[in-house]
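The values are calculated or read from the model by the stated rules, or taken from the named source; none is laboratory data. Not measured: the values here are computed from a predicted model. Cβ atoms come from the backbone with ideal geometry, glycine included; neighbour counts cover every protein chain shown. Accessible surface areas use protein heavy atoms only, side chains included; no ligands, DNA or RNA. Shrake-Rupley method; radii C 1.70, N 1.55, O 1.52, S 1.80 Å.
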Amino acid sequence: MSEPNSLYVKIEIKKERLQEFLDGKPKEVVLDDDWTAWWDLHDMVSKPPLTDIQPYRLDTNRTLIDEFLKDTRMGAAQHYDDAPGTWYLIILMFSENYLEILPMLAWLKDLAQYQEKHQRGTALIYDFLWGDGSVMAQLDFSAQQANLTNATRMSDIDAEVLNEANSALDTMLNDLQKRYNH
């Protein structure tokens, strides 16, 4: 049985632009070479061809965050750090299935358009909890785009980025353990 991978997002974005994105609706996805190259890179059981990606069907992008935060089984948190102008989203138990992560990747790719050209960020969906070292997806944000990388193993991730992600997820896990063990 597969176990869910964790999601870590750290993105530089102005607070007003993040709010504008969250007030908007998830958008339709246009497949391009970035999507197909990433899809072709991953081995999957009964892998279907990537012909389309269905976006989340929600009234607003904020609804998606609210749903994650309400589901206590996922271990989700988000916060905005005003000093550097950075938004974080963490979900300990996000997904084990490549088809299920496609709408999130599309959602994050859309978010990149709300950044300033100089702003950067990263998003990882990887095996933080279970120890096999796999990476389902990594997005690099720059120049108002989020591009999928060729990372398939944690060793493919920049050490500083991986350390930051691990630290944030460790903190979330420890907070949850304290909350539910007392």
**OP:** Work through the residues other than Asp82 whose Cβ is under 13 Å from its Cβ and net out their charges, Lys, Arg +1 and Asp, Glu -1.
**Re:** -1
Original post:
Going by the alpha-carbon gyration tensor, a ≥ b ≥ c the square roots of its eigenvalues, is the range 81-129 rounded (a/c under 1.5) or, if a/c is not under 1.5, prolate (a/b greater than b/c) versus oblate?
Top reply: oblate
**OP:** Over 21 Å between C-alpha atoms is what I'm after, so list which of Lys10/Lys117; Lys70/Lys178; Lys27/Lys70; Lys10/Lys109; Lys15/Lys117 land there.
**Re:** Lys27/Lys70
Subject >> Dipole-positive endmost among Thr149, Leu173, Asn163 within the range 137-181 (Cβ charges, Cα centre) >> reply: Leu173
**OP:** Only helices at least 30 Å long along their axis, Cα-based, and averaging -1.0 or more on Kyte-Doolittle count here, so list those DSSP H runs from the chain.
**Re:** 159-180
Original post:
Hey, how many Å between the Cα centroid of the range 144-167 and the Cα centroid of the range 62-101?
Top reply: 17 Å
**OP:** With no solvent and one equal point scatterer placed on each C-alpha of the range 1-52, evaluate the Debye formula and give log10 I(q)/I(0) for q = 0.16, 0.26 Å⁻¹, two decimals.
**Re:** -0.84, -1.07
Original post:
In what sequence, largest accessible area first, do Arg179, Arg73, Arg62 appear using a 1.4 Å probe?
Top reply: Arg73, Arg179, Arg62
Subject >> Cβ charges +1 (Lys, Arg) and -1 (Asp, Glu), total dipole of the range 56-117, debye >> reply: 100 debye
Original post:
Among Ala137, Ala83, Ala151, which one shows the biggest mean-square fluctuation in a GNM of the chain, springs joining Cα atoms closer than 10 Å?
Top reply: Ala83
Original post:
So what does Lys70 come to for accessible area, using a 1.4 Å probe and Å² rounded to 10?
Top reply: 140 Å²
**OP:** Take each of the peptides 156-164, 141-149, average the number of other beta-carbon atoms within 10 Å over its residues, and list them starting from the highest.
**Re:** 141-149, 156-164
Original post:
With charges set only on the Cβ (+1 for Lys and Arg, -1 for Asp and Glu), what does the dipole of the chain come to about its Cα centre, in debye to the nearest 20?
Top reply: 440 debye
**OP:** Could you tell me whether the chain comes out rounded, prolate or oblate from its Cα gyration tensor? Rule is a ≥ b ≥ c as square roots of the eigenvalues, rounded for a/c under 1.5, then prolate if a/b exceeds b/c, otherwise oblate.
**Re:** rounded
Original post:
Which shape class applies to the range 48-132: rounded if a/c is under 1.5, otherwise prolate when a/b exceeds b/c and oblate if not, where a ≥ b ≥ c are the square roots of the Cα gyration tensor eigenvalues?
Top reply: rounded
